[in-house]
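Just so you know, all these numbers are worked out from the coordinates, no wet-lab data involved. As the structure is a computational prediction, the values presented were derived from the model and not from experiment. Quick reminder, even Gly has a Cβ in these numbers, built from the backbone with ideal geometry, and neighbours come from all protein chains shown.
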Amino acid sequence: MGTLGDAFMRRRVSFPCPACGGMLSGTLDEVRTGRSVRCACGATVRLKEQGRCVEEVRKAMNKFESAMRRAGFRLRYRE
């Protein structure tokens, strides 16, 4: 099933191609790891986050999930 942080990392984000303005998309995990995506216009765009905010949010979500489980809550994720 994974963790809340894993579900967060699978979320897709959209952004414009810097060359043509067409819309591209990738997951937050792809942004965190610096993956490159190719636009239909032929441009290659390297995904890059500013700082480490995506990883910090993932860790905070996993910490929150652990606290909720310790308090006796059952969590289910919807994608």
Counting only Cβ distances under 4.7 Å between cysteines, those in the chain with no partner are C53
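Using only DSSP helix segments of four residues or longer, with each worth -39500 (n - 2.57), what per-residue ellipticity at 222 nm results for the chain after dividing by its residue count and rounding to 500?
Numbers: 3 runs with 30 residues, N = 79.
Dividing the helical sum by the residues of the chain leaves -11000 deg cm²/dmol.
Under 37 °C and 0.692 mPa s, how fast does the chain diffuse according to Stokes-Einstein, given a Kirkwood radius computed over C-alpha pairs? Answer in µm²/s, whole number. The partial results should precede the final answer.
On the way: Rh = 14.1 Å.
In µm²/s, the coefficient rounds to 233.
Which of the trypsin sites (Lys or Arg not before Pro) across the range 21-61 are loop residues per DSSP, with 12 or fewer other Cβ within 10 Å?
Working: sites: R32, R35, R38, R46, K48, R52, R58, K59; in loops: R35, K48, R52.
Within the range 21-61, the qualifying trypsin sites (Lys or Arg not before Pro) (loop, at most 12 other Cβ atoms within 10 Å) are K48, R52.
Order the peptides 18-24, 61-67 from the highest to the lowest mean number of other Cβ atoms within 10 Å of their residues. Before the final figure, lay out the partial values.
Values: 18-24: 12.0, 61-67: 13.9.
Highest-to-lowest ranking by the protection proxy: 61-67, 18-24.
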